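Quick note: the coordinates plus some simple rules give every number you see, no bench work behind them. Because the structure is predicted, anything quoted here is derived from the model rather than measured. We place every Cβ from the backbone using ideal geometry, glycine too, and count neighbours over all the protein chains shown.
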Amino acid sequence: MSAISVVVADQQRALRSAYIRQLLPETGIAVIGQAATGYEVMKALKLKPHVLLLDWGISSIHGVSILPLIRHHSPGTMVILLGERTSRRRLLDALSLGARGYLRKEGLRILLPKAVRVVGQGDAWVPRTIVSTILAEVGRIGRGAHAL
């Protein structure tokens, strides 16, 4: 099995470096690029990474989410958003736009390699506290589909 290729995108150089240092010794994970801006993220997608670690702060370009652009230009790339606290609604919106995971920055030291592996294998990585919200939304959508 080939290594899970990763691009790290964060506005802060120190944080990018910390994430890369954390992932470098991990067997089966290869950091292939980094980005500090939305423009650099789009350029890095040419590398076709399996996983894009994307700082929530650069997940928008002029107020429009970059997630649909990522999905369009590199449909095989799975995005893990990195951020501080966020609302359930905002996280649900990000998931509906194509994000496959979310990690709060304070949990990265412990969970980053595991989250990359899980998402790189095609699964999702979300906080347990959001699962009930996701299920409620799926139920709401399902009820709407049956009404048609």
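Quick check on my filter: what residues within the stretch 84-125 are small (Gly, Ala, Ser), farther than 17 Å from Val7 by Cβ, assigned to a helix (DSSP H, G or I) and in contact with a strand residue (DSSP E or B) (Cβ under 7 Å, 6 or more places away or on another chain)? Across the stretch 84-125, the qualifying residue is only Ala94. Quick check: is even one residue across the stretch 31-44 closer than 23 Å to Arg128 by Cβ and either in contact with a Ser or Thr (Cβ under 7 Å, 6 or more places away or on another chain) or touching a residue at least 60 places away in the same chain (Cβ under 8 Å) (or both)? No.
Per-residue answers, yes or no, for (1) in contact with an Asp or Glu (Cβ under 9 Å, 6 or more places away or on another chain); (2) under 18 Å from His72 (Cα atoms); (3) in a helix (DSSP H, G or I):
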residue	(1), (2), (3)
Arg16	yes, no, yes
Glu26	no, no, no
Glu40	no, yes, yes
Pro49	no, yes, no
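For Val6, work out the one condition from (1) surrounded by 15 or more Cβ atoms within 10 Å (Cβ to Cβ); (2) part of a loop (DSSP other than H, G, I, E, B) it doesn't fulfil. Of the numbered conditions (1) surrounded by 15 or more Cβ atoms within 10 Å (Cβ to Cβ); (2) part of a loop (DSSP other than H, G, I, E, B), the odd one out for Val6 is (2). Look at (1) within 22 Å of Arg13 (Cβ to Cβ); (2) under 12 Å from the mean Cα position of the chain (by Cα); (3) not basic (Lys, Arg) and you find that Met42 fails only one, number (2).
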